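Just below is one structure, and these are the notes that go with it.
The values are calculated or read from the model by the stated rules, or taken from the named source; none is laboratory data. Everything numeric here is computed off the predicted structure, so don't read it as measured data. We place every Cβ from the backbone using ideal geometry, glycine too, and count neighbours over all the protein chains shown. What goes into the accessible areas is simple: the full protein's heavy atoms, side chains included, and nothing from ligands, DNA or RNA. Shrake-Rupley method; radii C 1.70, N 1.55, O 1.52, S 1.80 Å.
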Amino acid sequence: MDINDVKSIIAYNASSIPVLFEMCRIAKIAETVNDMVEWKSDNSKVSPGFLIEVLVVTIMHRRQPLWKIEEYWRKCQ
């Protein structure tokens with residue numbers, strides 16, 4: 001790869017989402033929620049704690065209204 005070849009450069013925008021998720025993990029949000037609520041892992045694809053982490057990240061990242069969360073995450077893919 002030639003350093004002067006601009007076409008070979010790929011830009012990624014990771015934004016703050018990974019940092020926010022890591023902050024949730026450090027704060028043990030999912031672990032705390034999962035310990036506090038009654039849920040069956042065989043009936044759910046994701047844990048309630050992870051869903052709360054997603055809500056926290058969504059609110060902190062773009063200040064999206066809660067009713068637009070599905071649309072927000074669809075755009076992030």
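Some notes on this structure:
- Here the stretch 10-27 is the region considered, the condition is being at pLDDT 70 or above and open to solvent by 80 Å² or more (accessible area, probe 1.4 Å), and the residue that is nearest to Ile52 (Cα to Cα) is Arg25.
- Selection count, the stretch 28-49, where residues are at pLDDT 85 or above and among the basic types (Lys, Arg): 1
- All conditions but one from (1) open to solvent by 60 Å² or more (accessible area, probe 1.4 Å); (2) at pLDDT 80 or above apply to Ile3; the one that does not is (2).
- Within the stretch 35-49, residues that are open to solvent by 80 Å² or more (accessible area, probe 1.4 Å) have Cβ atoms under 6 Å from residues that are modelled with pLDDT of 90 or more in these pairs: Trp39/Pro48, counting only partners at least 6 apart in sequence or on another chain.
- Considering only residues in the stretch 50-61 that are touching a residue at least 24 places away in the same chain (Cβ under 8 Å) and farther than 14 Å from Ala30 by Cβ, the one that is surrounded by the most Cβ atoms within 10 Å (Cβ to Cβ) turns out to be His61.
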